[in-house]
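Written out below as structure tokens is the structure these notes cover.
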Amino acid sequence: MKPKISLNSRNLPTLVTLGLFVLMFGVGSISFSGFLAPQNFLNLFIDNSYLLILGVGMTFVIISGGIDLSVGSMLAFSTMLSSSLLEKSHWNPMLVIPVVLLSGVALGLLMGYIIQIFELPPFIITLAGLYLARGLCYVISIDTIGITNQFWQDAAHAQVVLIGGAFISPSVVIALVVVMAGMFVSRSTKFGRTVYAIGGNEQSAILMGLPVARTKILIYVFSGFCSALAGIVFTFYTLSGYALNGANMEMDAIATVVIGGTLLTGGVGSVLGTVFGVMVYGTIQVLIVFQGTLNSWWTRIAIGFLVFLFCLMQRLFESRKGARGRKRVPPASAAAAS
Amino acid sequence: MSGMTPIVEMKKINKFFPGVKALSGVDFRLFEGEVHALMGQNGAGKSTLVKVMTGVYKQDAGEMLLEGRPMRPDTPLAAQKLGINTVYQEVNLCLNLSVAENIFIGKEPKKLGRIDWKLMNQRAAEVLKRLNISVDVTRILSSYSVAVQQMVAIARVLDTSAKVLILDEPTSSLDETEVAQLFKVIRKLRDEGMAILFITHFLDQTYQISDRITILKNGEFIGEYETGKLPKLELIAKMLGKELSEFAYTTNPDERKKAAAEAASDSGTVLSAKALGLQGSIAPFDLSLMEGDVLGLAGLLGSGRTEMARLLFGIDYADQGEIFVKGKRVAISSPKSAMMAGLGFCSEDRKNEGIFAELSIRENIILALQAKKGVFRYLAAKKQLEIADEMIRALGIKTPNSRNEARQLSGGNQQKVLLARWLTTEPIILILDEPTRGIDVGAKLEIMELILNLSRKGLGVIFISSEFEEVLRCSTRIAVLRDKVKIAELAGENMTESGIMRTIAGGK
């Protein structure tokens, strides 16, 4: 039961992002031969499946008005834990996967609990989580751990062939399941709507009798789970664990969420928007590869420019909505301003 | 009425806070199908009483009955479950969610484990229809006016089994047509049998909508009246705790006052405002202030006194009208520009908007002067000390040392520090919002004496106080405000307490 597509301020940012993606893909198709191939489009998902998973978790965090800086390190820790359990301890893969996912849940729970119970800013607590998880990687090993486990090898090389010979990887299937789940939860469950309410006005959410504390903790648990899952998917991609994996990837996740139309101030955004954000991000990379002469770091410049542009656009939306809503300064930002 | 059992009855409620008796022996009765106004000045105990009723506070003594049976809600949620709901002045909803969601969030209709949006929107539209409102319930709440948001807040509590609806200053940010719309809804709910408790500062609205009035003063129960049988003047008198007959004798033709008025008439105008106003804050007003003049602003709480001061000092930005300082038009867009034009302002909220408790007395005094000079022209420590010591001496601030933290001072001395802060900037106009609030009687007199001394030296002062006696004692002229409108200016013989009250009660 999808809502009617109408041009209102709620889904406009998502449509803008979709439009941008179509435009960029169109420009690529005209400029470079071979760009407009089904496989090239599907590669966007294959190459960015882990980012897609991180993005879904991050979308919930940001909609609630929070931030999670730990996801990149958590992903790295997840790659280290899986590779070490598989290669050094020789655990069964069917045991490794739940253990790794649980580790992500546990770290997320810890951060969410501290943020909620001690009323500390998510920025600082997840920054601490960033260092903690990164440090734990080096506790496991300083070196790269290659993965030779058969199950992992199969997962890495398996192809899900679609009509017309194009294919996707199992990672993409996992990522799409997470996306679907994220869309369902955000739109059709009490938990999902409470996330939006908290992002809109936490004080009001409490006064309306919503389970704010529980929901806020669960948001970080979910993000932790997504990071761990993204780590496993990442090892399907690289077949190794390395402590430096996913450096700065939390920033990529935040950037794709913002490009996807989610407001950093919370309350507004969508999982679908984040999917388009990741696709825009992926397309920029592919465009630069096809262009051939530009250094891959130009991706960063393009992303930086886009984030800047989208934030500016959101501000314009906000101010157009009129001054009436702005009269009430939420307590948090009032405190920050003084 | 007396034959019926009240829905809510509160008997001899006492509530203490450390050092304050917020409520003492307050009785309150609320009946089915009535709109009951709770009236009182600042600190009368209205909000404490409501908070006891809604489970935010627990009473220290007294009992509460709900339909004749004892009740003791210990949280707002528990009170809601008993059918007592509150809609606050600041709408507590989520502006980013749809109208329907704001009504149903937390109790959404579900189908197969997922939220049934279609049913939710349909039911939201039905509830709003009951309130005679038709809006697109799928649009986000921020796309509607505050009035509609209020209705949505009411609709949210209607969905549960509400018996009592408490409206805490619901009209303070609404315009006239919006108020009319809200009143229509209130009357409809009343006719359906809802008991409505209405808290407002607007006298006219009280008479428009309420059936009965309960008056509190200083945490004490003054009385319960039928609105139709309580003349407006009497209501004001009771809120202020005066007997009507007292008014006649408070006339005080002070010689000094007359002399000052005469002196003022041939000295120059230092400040004048022409049709200055801000939509939703205060209606356009004219104002002029002479050199050495003390203009008192009198009115009940919420009448627009502070709003007027905030406009003049640029804290709020006027959307119409002009301000002239010494005959020259000035654009006052911020407190800084007001300062540069020669204005000073002491806020009514001394603790939060005035004194920096952790800073020393010297630092507190020097602050405004430093701000006026700019950060790059730093005042030497020695110079700062000189200024501070001089001020401490001149104003009689009781402290052993200017290095002491401001928090160690009494309220009256903190107020003097604030005065000193502005005097160092050598203003030509000083706006004082409730400078005598919360300080003891002796300090009050001292502050007022200081104000008079300053005005004798040529300073133009705008003086705001809820105590009419203080306004009368200090002012050469008095501007009277009611319901966010400046309704009159009193001078000379008309400057009496009864004169002010009659002006306020006068109606339109």
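The values are calculated or read from the model by the stated rules, or taken from the named source; none is laboratory data. In this text the structure is predicted, and so the values were computed from the model without any measurement. All Cβ positions, even for glycine, are placed from backbone atoms using ideal geometry, and neighbour counts span all protein chains on display. For the accessible areas, the whole protein counts, side chains as well, though only heavy atoms, and no ligand, DNA or RNA atoms are used. Shrake-Rupley method; radii C 1.70, N 1.55, O 1.52, S 1.80 Å.
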Whichever aspartates and glutamates have a C-alpha closer than 20 Å to that of residue B:110, once near sequence neighbours (fewer than 8 apart) are set aside: B:101, B:126, B:159
Loop-exposed trypsin sites (Lys or Arg not before Pro) per DSSP, neighbour cap 11 Cβ within 10 angstrom, longest uninterrupted part of chain A: A:89-338
Cα-derived Rg to Rh of the stretch A:96-163, Kirkwood definition: 1.15
Alpha carbon centroid spacing (whole Å) that separates the stretch A:295-312 from the stretch B:417-463: 56
Per-residue mean of C-beta atoms belonging to partner chains within 10 Å, peptide B:89-95: 6
Dipole in debye (nearest 20) - the stretch A:12-321, about Cα centre, beta carbon charges: Lys, Arg +1; Asp, Glu -1: 640
Å² per residue, accessible surface of chain A at 1.4 Å: 46
Added length on full extension, which subtracts the Cα-Cα distance from 0.36 nm per residue, residue A:207 to residue A:184: 5.7 nm
Value of relative contact order over chain B, rounded to a whole percent, pairs C-alpha under 8 Å and six or more apart: 15
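Taking the highest mean first, how do the peptides A:103-111, A:120-128 order by number of other beta carbon atoms within 10 angstrom per residue?
Working: A:103-111: 22.4, A:120-128: 18.0.
Packing proxy ranking, top to bottom: A:103-111, A:120-128.
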Anisotropy class of the stretch A:12-321 from Cα gyration tensor, a/c 1.5 cut: oblate
Fraction of accessible area attributable to carbon and sulfur, the protein assembly as shown (%, probe 1.4 Å): 59
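Tell me the total accessible area that A and B bury against each other, 1.4 angstrom probe, in square angstrom rounded to 100.
That pair hides around 2500 Å² of surface in total.
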Low-density loop positions, trypsin sites (Lys or Arg not before Pro), the stretch B:424-476 - DSSP coil, at most 11 other Cβ in 10 Å: B:457
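Please work out the FRET efficiency for the pair residue B:456 and residue B:269, using the Cβ-Cβ distance as r and a Förster radius of 22 Å; give the result to the nearest 0.05.
Calculated value: 0.75.
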Highest to lowest packing among A:67-77, B:408-418, scored as the average C-beta count within 10 Å: A:67-77, B:408-418
Whole-number accessible area per residue in Å² for the stretch B:346-426, which is evaluated in the context of all protein chains at 1.4 Å: 53
Estimated distance in nm for a label pair at residue B:349 and residue A:31, the labels positioned 7 Å out from Cα along Cα-to-Cβ: 5.3
Gyration tensor over alpha-carbon atoms, the stretch B:387-453, equivalent ellipsoid semi-axes in Å: 17, 16, 10
Residues residue B:114 and residue A:248, FRET efficiency given R0 of 35 Å [Cβ-Cβ distance, rounded to 0.05]: 0.40
Computed E for residue B:334/residue B:375 - FRET, C-beta separation, R0 22 angstrom, nearest 0.05: 0.85
Of B:46/B:484; B:372/B:457; A:216/B:46; B:129/B:163; B:81/B:188, pairs whose Cα-Cα distance is over 26 Å: A:216/B:46
Highest to lowest packing among B:93-101, B:328-336, A:17-25, B:495-503, scored as the average C-beta count within 10 Å: B:93-101, B:495-503, A:17-25, B:328-336
Cα-only radius of gyration and Dmax that characterise chain B, units Å: 25.5, 83
Among A:238, A:223, A:121 the positive-end extreme of the charge dipole of the stretch A:12-321 (Cβ point charges): A:121
C-alpha long axis of helix B:176-191 to longest principal axis of chain B, angle in °: 40
Part-to-part distance (alpha-carbon centres) for the stretch B:1-80 and the stretch A:207-270, which is given in Å: 47
Alpha-carbon radius of gyration plus Dmax, which is the widest Cα pair, for the stretch B:360-481 in Å: 14.8, 45
Diffusion constant of the protein assembly as shown at 10 °C, which comes from Stokes-Einstein with the Kirkwood Cα-pair radius and 1.306 mPa s, µm²/s: 51
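So for the stretch B:346-426, what are the equivalent ellipsoid semi-axes in whole Å, largest first, each being the square root of 5 times an eigenvalue of the Cα gyration tensor? Please report the intermediate quantities before stating the final value.
Details: eigenvalues 66, 42, 25 Å².
Here the semi-axes work out to 18, 14, 11 Å.
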The stretch B:346-426 - percent relative contact order, Cα under 8 Å, separation 6 or more: 46
